[in-house]
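Comments concern the structure below.
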């Protein structure tokens, strides 16, 4: 009697990814795929129904995430991911909305939308891949490019000051803020889990390698070399003052969960205002019979 062959092992990622689109387009050594793995693991651990979550992204390397995940997803226009996500959340308040995009798309071209979504404390999760440059379009200077780093639009070195994204997020009104590197896989997963469960504007920044453009232009080696830099230079300081989280060229990287507080969301504030104004005539939106 011939023994039956054991069924082929199923990749645990298959439930969450569009496997027909794999392999992905990201360069060898890029950290985006690693962060996607952490994100999917966070969703899996929280047992979130695939129909209850939507992914919104803009344009750029990270923007391609929306095309690989098996959730409802929106690959929007450059810099407008936050605006689309705001409309999506207000249209269906019970759905978890996640913005997954890069530092240039979110805080450069989309900077205005970012700060106002944080100011309003929109109930959404923002995962920002920070690789210090506009990678997909040629390695131009981005809002996060460290001073003195060489970019295609700064061949002799960047002379502009860079945003500290945790500081920008807190100053704008975000109520959950964490930063890690692509080396901190388990910590990224945990922060994403916390962000998904946080009521309000949650922001998770992940510093990731860009070996094809940023590292090559600055002669920093490959993705593994950058990961070694993360290992040697990262300092975990939970609750650290975000005013002291800037990143110099090949300098220290302060990581951790910096902010985790409660504050009325946009819908909370709206419902409170109109309930005071109209009394029982007003049916709070997104609560019972919206």
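The values are calculated or read from the model by the stated rules, or taken from the named source; none is laboratory data. Given the structure is predicted, the values throughout are model-derived calculations rather than measurements. Positions of Cβ are backbone-derived with ideal geometry, glycine not excepted, and every protein chain shown enters the neighbour counts.
Summary table below
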read-out	value
Condition broken by residue 148, with the remaining ones in (1) at positive phi; (2) at pLDDT below 95 satisfied	(2)
Hits in region 220-236 - residues which are crowded, with 16+ Cβ neighbours inside 10 Å, touching a strand residue (DSSP E or B) at 6+ places or on another chain (Cβ under 8 Å) and not in a helix (DSSP H, G or I)	234
Test set (1) at positive phi; (2) loosely packed, with under 13 Cβ neighbours inside 10 Å; (3) more than 22 Å from the chain's Cα centre (by Cα) - residue 286 fails condition number	(2)
Conditions (1) crowded, with 24+ Cβ neighbours inside 10 Å; (2) over 30 Å from residue 266 (Cα atoms): number failed by residue 195	(2)
Meets criteria (surrounded by fewer than 13 Cβ atoms within 10 Å (Cβ to Cβ) and either within 21 Å of residue 129 (Cα to Cα) or at pLDDT 95 or above (or both)) for residue 267	no
Any hit, region 90-99, residues being within 23 Å of residue 167 (Cβ to Cβ), in contact with a helix residue (DSSP H, G or I) (Cβ under 6 Å, 6 or more places away or on another chain), buried (at least 24 other Cβ atoms within 10 Å of the Cβ) and free of Cβ contacts under 8 Å to residues at least 60 places away in the same chain	yes
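Yes or no, residue by residue, for (1) part of a helix (DSSP H, G or I); (2) modelled with pLDDT of 90 or more; (3) surrounded by fewer than 22 Cβ atoms within 10 Å (Cβ to Cβ):
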{"residue": "30", "(1), (2), (3)": "no, yes, no"}
{"residue": "35", "(1), (2), (3)": "yes, yes, no"}
{"residue": "38", "(1), (2), (3)": "yes, yes, no"}
{"residue": "42", "(1), (2), (3)": "yes, yes, no"}
{"residue": "64", "(1), (2), (3)": "yes, yes, yes"}
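This table checks each residue for (1) crowded, with 24+ Cβ neighbours inside 10 Å; (2) in contact with a strand residue (DSSP E or B) (Cβ under 7 Å, 6 or more places away or on another chain); (3) part of a loop (DSSP other than H, G, I, E, B).
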residue: 108; (1), (2), (3): no, no, no
residue: 113; (1), (2), (3): no, no, no
residue: 128; (1), (2), (3): yes, yes, no
residue: 138; (1), (2), (3): no, no, yes
residue: 144; (1), (2), (3): yes, yes, yes
residue: 147; (1), (2), (3): no, no, yes
residue: 161; (1), (2), (3): no, no, yes
